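Visitor: Let me begin by handing over the structure; questions about it come next.
The values are calculated or read from the model by the stated rules, or taken from the named source; none is laboratory data. Just so it is clear, the structure is predicted and the values come from calculations on it, not from any experiment. Note that each Cβ is placed from the backbone with ideal geometry, even for glycine, and that neighbours are counted across all protein chains shown. When the accessible area is computed, the model is the full protein with side chains, heavy atoms only, and any ligands, DNA or RNA have been set aside. Shrake-Rupley method; radii C 1.70, N 1.55, O 1.52, S 1.80 Å.
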Amino acid sequence: MSIIPAPPPDLPDPTMIDIAGEDWLIQALAAHGPVVIFAVCLASCVALPVPASVILISAGAISAASGLPLWQLALAGILGAIAGDQIAYAIGRAGRGPLIRWMDAKPKRRAGRLRAEGWIARRGGPGVLLSRWPVSPLGPYVNFAAGAAGYNWARFTAWASVGEVIWVLVNLAAGYTFADPILFAAMVVHEATGLLLSAGALVLILWAIRRVAKRDHPET
């Protein structure tokens, strides 16, 4: 009597992401992708602490795995980012004095403000664009600084909008293209590393400012 070998077990497709097994954020992206992306991009542009780039990459990967329309995510992200830019610019323009006092109350915020103002003064419109991508951690501070400094609104909007389109599309495309869990995890680590490096740069800037201040104003 011949023995018929059992069929091989079904193996999971390594290019697919198990959305049900992810945390609440992944499930929210799958269920309400465009709304979540709009809110996250808006929040990030007014300096709220959300990992917007990582979330955009996640949304791109979910789109590849579930068929969620990528164009809807892109449109929502671009509109949310532009809206956030406008809100931050308006806050900076209308409340320069109180805003500067609030930002200067914390060393990290003060360092970010000074760096953003210097960035705009040196680079102008291209600096606004580059602060969307690839130097995106600087973006929210540039928004406030541009408004507080009275930088031309039309020029700010044009440069910032082009930068937001690039930022949103690059991150969504990265997640969509590298939807394999291993590559997706690598992209997330890459983005997280960039955020840590940016934070380290701010710490170094703050340290340098303090040394200069002590040198110029020695204690008596």
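Visitor: Within region 118-132, identify whether any single residue is at pLDDT 80 or above and farther than 19 Å from Ile166 by Cα, and answer yes or no.
Guide: no
Visitor: For the structure I just gave you, tell me whether Ala158 is among the aliphatic types (A, V, I, L, M) and free of Cβ contacts under 8 Å to residues at least 40 places away in the same chain.
Guide: On the way: among the aliphatic types (A, V, I, L, M): yes; free of Cβ contacts under 8 Å to residues at least 40 places away in the same chain: yes.
So Ala158 fits the description; yes.
Visitor: Something else: What pairs can you find where one residue is in region 120-149 and touching a residue at least 24 places away in the same chain (Cβ under 8 Å), the other is part of a loop (DSSP other than H, G, I, E, B) and among the hydrophobic types (A, V, I, L, M, F, W, C), and their Cβ atoms are less than 6 Å apart, with a gap of 6+ or different chains?
Guide: Listed pairs, sorted by first residue: Pro140/Ala47.
Visitor: To continue, here is another question. How many residues are more than 11 Å from Leu68 (Cβ to Cβ) and buried (at least 24 other Cβ atoms within 10 Å of the Cβ) if we restrict to region 31-46?
Guide: Residues flagged as more than 11 Å from Leu68 (Cβ to Cβ) and buried (at least 24 other Cβ atoms within 10 Å of the Cβ) within region 31-46 amount to 5.
Visitor: What number of residues within region 85-108 satisfy the criterion of being among the basic types (Lys, Arg) and surrounded by 17 or more Cβ atoms within 10 Å (Cβ to Cβ)? Before the answer, list the steps.
Guide: To start, the set of residues in region 85-108 that are among the basic types (Lys, Arg) comprises 93, 96, 101, 106, 108.
Still in the list and also surrounded by 17 or more Cβ atoms within 10 Å (Cβ to Cβ): 93.
Of the residues in region 85-108, 1 are among the basic types (Lys, Arg) and surrounded by 17 or more Cβ atoms within 10 Å (Cβ to Cβ).
Visitor: Return the pair list, or none, for Cβ contacts closer than 6 Å from residues in region 77-98 that are farther than 28 Å from Leu172 by Cα to residues that are open to solvent by less than 30 Å² (accessible area, probe 1.4 Å) and assigned to a helix (DSSP H, G or I), at least 6 apart or on different chains.
Guide: That search, which allows pairs on different chains as well, returns Gly92/Leu99; Gly92/Phe144; Gly92/Gly147; Gly92/Ala148; Arg93/Gly147; Arg96/Ala148.
Visitor: Can you go through Ala28, Ala81 and tell me which one is open to solvent by less than 10 Å² (accessible area, probe 1.4 Å), assigned to a helix (DSSP H, G or I) and either farther than 22 Å from Gly163 by Cβ or at pLDDT 90 or above (or both)? Outline the logic, then answer.
Guide: Details: Ala28 fails: open to solvent by less than 10 Å² (accessible area, probe 1.4 Å).
Answer to the check: Ala81.
Visitor: Residue under question is Ala146, and the condition is that it be hydrophobic (A, V, I, L, M, F, W, C), crowded, with 23+ Cβ neighbours inside 10 Å and in contact with a Ser or Thr (Cβ under 6 Å, 6 or more places away or on another chain); does it hold?
Guide: Working: hydrophobic (A, V, I, L, M, F, W, C): yes; crowded, with 23+ Cβ neighbours inside 10 Å: yes; in contact with a Ser or Thr (Cβ under 6 Å, 6 or more places away or on another chain): no.
It is false that Ala146 is hydrophobic (A, V, I, L, M, F, W, C), crowded, with 23+ Cβ neighbours inside 10 Å and in contact with a Ser or Thr (Cβ under 6 Å, 6 or more places away or on another chain).
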